[in-house]
1. Tally Lys/Arg at +1 and Asp/Glu at -1 over every other residue whose Cβ is under 15 Å from the Cβ of M21; what's the total?
2. As a footprinting exposure proxy, order I67, I37, I136 by other Cβ within 10 Å, with the fewest listed first.
3. Percent relative contact order of the range 2-166, based on C-alpha pairs within less than 8 angstrom and at least six residues apart?
4. Taking a temperature of 37 °C and a viscosity of 0.692 mPa s, what whole-number D in µm²/s does Stokes-Einstein yield for the range 2-166 with Rh from Kirkwood over alpha carbon pairs?
5. Loop only per DSSP, at most 15 neighbouring Cβ atoms within 10 Å: give me the trypsin sites (Lys or Arg not before Pro) in the range 1-56, ordered by residue number.
6. Using all Cα-Cα distances in the range 1-89, what percent lands in each 10 angstrom bin from 0 up to the longest?
7. With +1 on each Lys and Arg Cβ and -1 on each Asp and Glu Cβ, and nothing else charged, work out how big the dipole of the range 119-160 is about its Cα centre, in Debye to the nearest 20.
8. Mind listing the long-range amide H neighbours of A6? Cut-off is under 5 Å, sequence gap 5 or more, other chains count too, H placed in the peptide plane at 1.01 Å from N.
Amino acid sequence: MYVRDAKNREEVWLLDRIEEMGLDETAFRSRDYVIAIDEQRNEKAGFGRIRIHKREDDPDRCELTSIGVLEAWRGQGVGAHVVERLVRTAEAEGFDTVYTLTDQPEYLTQFGFSPVDPDSLPAVLADRLATKREAIQPEAVPMTLAVEDFEMPAKRREAFKAAEADDGDDEPTESAEDFGIDPDEATYKYDTS
């Protein structure tokens, strides 16, 4: 399992997953995303986006957004590693602080994110919060993290190393008896005697 930058050819896949999960696709650009991949099955497991907000009268701001994990991969550290990759990318781009506007703040607190008073947000993020609350996440909470304070819980790192898709194959195996066939008496598959 690893996390890499998204490729342009994955745009349709990303847009479909974003729509399915009810995430934010505002100003979508596939090159802003990272994708978690299971290298053994070559299967996508999760994704997230770094969005840079630029305004002439304000310093650039970095937002982590549209973080999603496919249901079969949840609870295995995939989202944690997507968040880690986004934070490291922001740091590489020169940001000391990242923001996120989320309706699941309890998930992000494990990495060191903390809530921010909406009134103290930079103007561009205050506008974005209002839009996000109106459009897709009425319960969105602004949070921030100093990139140097990012912490990866050990259990998330270990879970990611052993992550496997839960394909939902929990259905019982059907037997001949389930179809009224006595396997000791039947001489071949379609015996009707």
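What follows is calculated from the coordinates using simple rules that are stated; it is not laboratory data. Only a predicted model underlies this, so the values are computations on that prediction, with no experimental measurement involved. Reconstructed Cβ throughout: ideal geometry from the backbone, glycine too, with neighbour counts over all protein chains shown.
1. Neighbour charge sum, excluding M21 itself: -2.
2. Sorted ascending by nearby Cβ count, the order is I136, I37, I67.
3. 22
4. Using the Kirkwood radius from Cα pairs, D works out to 204 µm²/s.
5. Within the range 1-56, the qualifying trypsin sites (Lys or Arg not before Pro) (loop, at most 15 other Cβ atoms within 10 Å) are K7, R29, R41.
6. 17, 52, 24, 6, 1
7. 200
8. Under 5 Å from the amide H of A6: Y33, V34, I35.
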